[in-house]
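S.K.: Dumping the structure here so I can ask a few things about it.
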Amino acid sequence: MKIRRFNESDQIDISPDRVNEIIEELKDIAVIFDNKSVYMDSLLSELSNYKNQSKKGNDQIDDSISALQVIKKDIDDCKDKIDTTVNNLINYNEGGRKFLYQDDEKNTF
């Protein structure tokens with residue numbers, strides 16, 4: 001049985017070296033997402049040249065453009081989340097563990 005001091009916790013911290021490795025891996029992934037986002041813009045631009053002019057309905061090209069726009073937004077959202085994660089990990093390495101969100105006990109019912 002382990003005897004803990006009053007201020008000891010079971011919290012295990014990740015090493016700064018490992019955090020830096022993760023940051024670099026995430027930055028590599030972010031570059032891939034940036035490249036795919038640019039490529040997606042190119043595809044959307046090309047397909048837009050063949051968009052159906054009819055107001056009565058959509059064809060396969062119109063539907064494909066719509067789907068690619070959703071994919072492009074998802075890629076951009078992923079890139080934003082990776083950037084947030086990188087910034088959080090940099091902050092963790094520089095300043096240690098901090099609560100970003102915390103329960104406010106005054107508002108608990």
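None of the figures in this text is laboratory data; all of them are computed from the coordinates on show. What you are looking at is a predicted structure, and each value in this text was computed from that prediction instead of being measured. So basically every Cβ, Gly included, is an ideal-geometry build from the backbone, and we count neighbours across all protein chains shown.
S.K.: Mind checking the angle between helix 16-48 and the chain's longest principal axis? C-alpha axes, 0 to 90 degrees, to the nearest 10.
M.R.: 10
S.K.: Could you give each residue of segment 72-83 its phi-based ³J(HN,Hα) in whole Hz, using Karplus coefficients 6.51, -1.76, 1.60 with θ = phi - 60°, and x for Gly or Pro?
M.R.: 4, 5, 5, 4, 5, 5, 4, 4, 4, 5, 5, 4
S.K.: Here's another thing I want to ask about it. Which cross-chain or sequence-distant (5 or more) residues have an amide H under 5 Å from the amide H of N52, H modelled 1.01 Å from N in plane?
M.R.: Amide H neighbours of N52, under 5 Å, 5+ apart: D59, D62.
S.K.: So what is the calculated 222 nm ellipticity per residue for the chain, using -39500 (n - 2.57) for each DSSP H run with n of 4 or more, over all residues, to the nearest 500 deg cm²/dmol? It would help to have the intermediate numbers written out before the result.
M.R.: Working: 2 runs with 69 residues, N = 109.
Roughly -23000 deg cm²/dmol at 222 nm, from the helical runs in the chain.
S.K.: Each residue of segment 97-103 in turn: what ³J(HN,Hα) in whole Hz from Karplus with 6.51, -1.76, 1.60 and θ = phi - 60°, glycine and Pro shown as x?
M.R.: 6, 9, 6, 8, 10, 8, 5
S.K.: Among L47, N88, Q60, flag the residue with its Cα farthest along the positive direction of the charge dipole of segment 16-95, charges on Cβ as +1 for Lys/Arg and -1 for Asp/Glu.
M.R.: Checking the options against the dipole of segment 16-95, the answer is Q60.
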